[in-house]
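Worksheet: the structure to be examined is printed underneath.
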Amino acid sequence: MNEFQKKVRREILRIPRGTTRSYGEIAIRAGRPGAPRAVVAAMRGLDIPWWRVARKGGTFAPQVAFDQEQLLRQEGWKPPKPKKTKAKKPKLTKAKAKKPRGPKPRAR
């Protein structure tokens, strides 16, 4: 196990039960900001609670989303409530005068 893998493992073990962190946050805390893919690679083969690491914005990879959500729920995690969006009202605009189409009349 290299130094970066040790740092990633240490940071993942610090995540409290029932909460998640993003790959980017783990990368920053492990000393390699901007390297979330390196975190994914470092996690392979490590015996760690992988389900506590999510994508940016708290979403899960579709391949493991169900398993990840179930494991987090066992730890007391509650999914975030969907944001309420306000219905947009259509803007009322004044009708613009249409420009005549076709060739311009020639000046005589």
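The values are calculated or read from the model by the stated rules, or taken from the named source; none is laboratory data. Worth saying up front: this structure is predicted, and the values here are computed from it rather than measured. Cβ sites come from the backbone with ideal geometry, for glycine too, and all protein chains shown count toward neighbours. What goes into the accessible areas is simple: the full protein's heavy atoms, side chains included, and nothing from ligands, DNA or RNA. Shrake-Rupley method; radii C 1.70, N 1.55, O 1.52, S 1.80 Å.
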Placing each pseudo-label 7 Å from Cα in the direction of the beta carbon, residue 47 and residue 87 end up separated by a distance in nanometres of 5.6 nm
Scan around residue 54 for amide H atoms under 5 Å from its own, H built in the peptide plane at 1.01 Å from N, and keep only partners 5 or more places away or cross-chain. 21, 22, 23
On C-alpha positions alone, give me the angle between the axis of helix 65-74 and the longest principal axis of the chain, in degrees, nearest 10. 50 degrees
Please list the radius of gyration and Dmax for the chain, considering alpha-carbon atoms only, with Å as the unit. 25.9, 88
List the relative contact order of the chain as a percent without decimals, with contacts defined as Cα pairs under 8 Å and 6+ residues apart. 27 percent
Taking the 0 to 90 degree range and rounding to the nearest ten, how far is the long axis of helix 3-13 tilted relative to the main principal axis of the chain, both from C-alpha atoms? 90 degrees
The long-range amide H neighbours of residue 35, using H built 1.01 Å from N in the peptide plane and a cut-off of under 5 Å, are none
The chain - accessible surface per residue (Å², probe 1.4 Å): 89 Å²
